[in-house]
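The values are calculated or read from the model by the stated rules, or taken from the named source; none is laboratory data. As the structure is a prediction and not an experimental result, all values here were calculated from the model. Don't worry about glycine lacking a Cβ; one is built from the backbone with ideal geometry, like all the others, and counts go over all protein chains shown. When the accessible area is computed, the model is the full protein with side chains, heavy atoms only, and any ligands, DNA or RNA have been set aside. Shrake-Rupley method; radii C 1.70, N 1.55, O 1.52, S 1.80 Å.
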Amino acid sequence: MKKAILSAKGLCKSFAHNGGQVHILSELDMDIYEGDLTVIMGASGSGKSTTLYSLRGMERATAGQVMYNGNDIVKMSEKQLAGLRHGDFGFIFQQMHLVSNLSLFENITVTGYLNKNRTASETDRRANELLEKMGLGKIKDHLPSQCSGGEQQRCAIARAIINEPKMLFADEPTGALNKKNTTEVLNLLTELNRNGQSILMVTHDARAAIRASRIIYIEDGAVVGDLELPQYTPEEEKSRESQINSWLSSMEW
């Protein structure tokens, strides 16, 4: 039986606008299971990214709870949340957000140094190992502006996992990439998941959804569909794509 690493119960998110309330999440219930590559999909404005940010504690839910390791993230202090972000949680952004005047190596280690359980030399060693694994070893001293979009995103993934997070969050990680770089990044995320990394990814790209072990569909801030899938294999990609597209069509995507 799968173990939930994150559990959202009755999650609500709203904000004041023109004298009224705009509701983004509406009593959302969601369990994210350990070891899964879970993908959240939905139409624009459905609440996908708000869900992702609320589960990670980057946005405060208006009501409800998000349970992680026996604690409610919604009730955590900023200091406690910062500890989660620097340790148990990693995050990949669509636009990478690499520091422009730091090298790829420095962009990774600056996050690694926040982990007080590892020495600076141990962090440097892990950063170099990750750079080699990502195929970036020969350009580790390059600035982000000297690298392709795919290289920048691979660096961002290395930065997100340098502290060996229990949960890796990704917000449209292939949204700014061309087809070749998209495939490279998806291959990398698939490999990480096969090695045990729990991943929660928001995407509008069906090519990314093909890699999922589970797809959750959100509409008007609530879960309306949930599709479980077997582990991805390239040989079954076409049949898998057909199955997912048929399911997404039933969701009126």
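Looking at GLU122, GLU132, which one is closer than 24 Å to THR190 by Cα, acidic (Asp, Glu) and in a helix (DSSP H, G or I)?
When all the criteria are applied, what remains is GLU132.
Residues of segment 1-60 being touching a Phe, Trp or Tyr at 6+ places or on another chain (Cβ under 6 Å), open to solvent by 10 Å² or more (accessible area, probe 1.4 Å) and over 17 Å from ILE73 (Cβ atoms), which ones?
LYS2, VAL22
Quickly run through segment 78-98 and pick out the residues that are closer than 14 Å to SER54 by Cα, open to solvent by 50 Å² or more (accessible area, probe 1.4 Å) and either assigned to a strand (DSSP E or B) or modelled with pLDDT of 90 or more (or both).
GLU78 - this is the single residue of segment 78-98 that is closer than 14 Å to SER54 by Cα, open to solvent by 50 Å² or more (accessible area, probe 1.4 Å) and either assigned to a strand (DSSP E or B) or modelled with pLDDT of 90 or more (or both).
One line per residue, one yes/no per condition, for (1) free of Cβ contacts under 8 Å to residues at least 12 places away in the same chain; (2) over 22 Å from the mean Cα position of the chain (by Cα):
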| position | (1), (2) |
| --- | --- |
| LEU200 | no, no |
| ASP205 | no, no |
| ALA209 | no, no |
| GLY221 | no, no |
| THR233 | yes, no |
| LYS238 | yes, yes |
| SER246 | yes, yes |
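From the residues in segment 216-226 that are open to solvent by 20 Å² or more (accessible area, probe 1.4 Å) and either touching a Phe, Trp or Tyr at 6+ places or on another chain (Cβ under 6 Å) or part of a loop (DSSP other than H, G, I, E, B) (or both), which one is farthest from GLY45 (Cα to Cα)?
Filtering first and then ranking leaves VAL224.
If the requirement is being touching a Leu at 6+ places or on another chain (Cβ under 6 Å) and either open to solvent by 40 Å² or more (accessible area, probe 1.4 Å) or closer than 19 Å to LEU192 by Cβ (or both), which of these qualifies: GLY137, GLY112?
GLY137
Could you say which residue among VAL66, VAL22, VAL74, VAL39 is without any contact (Cβ under 8 Å) to a residue 12 or more places away in the chain and aliphatic (A, V, I, L, M)?
Answer to the selection: VAL22.
Restricting attention to segment 49-77, and to residues there that are assigned to a helix (DSSP H, G or I) and of a type in the set (Gly, Ala, Ser), which single residue is farthest from the chain's Cα centre (by Cα)?
SER54
Tally up the residues in segment 176-215 that are open to solvent by less than 50 Å² (accessible area, probe 1.4 Å) and in contact with a helix residue (DSSP H, G or I) (Cβ under 9 Å, 6 or more places away or on another chain), please.
23
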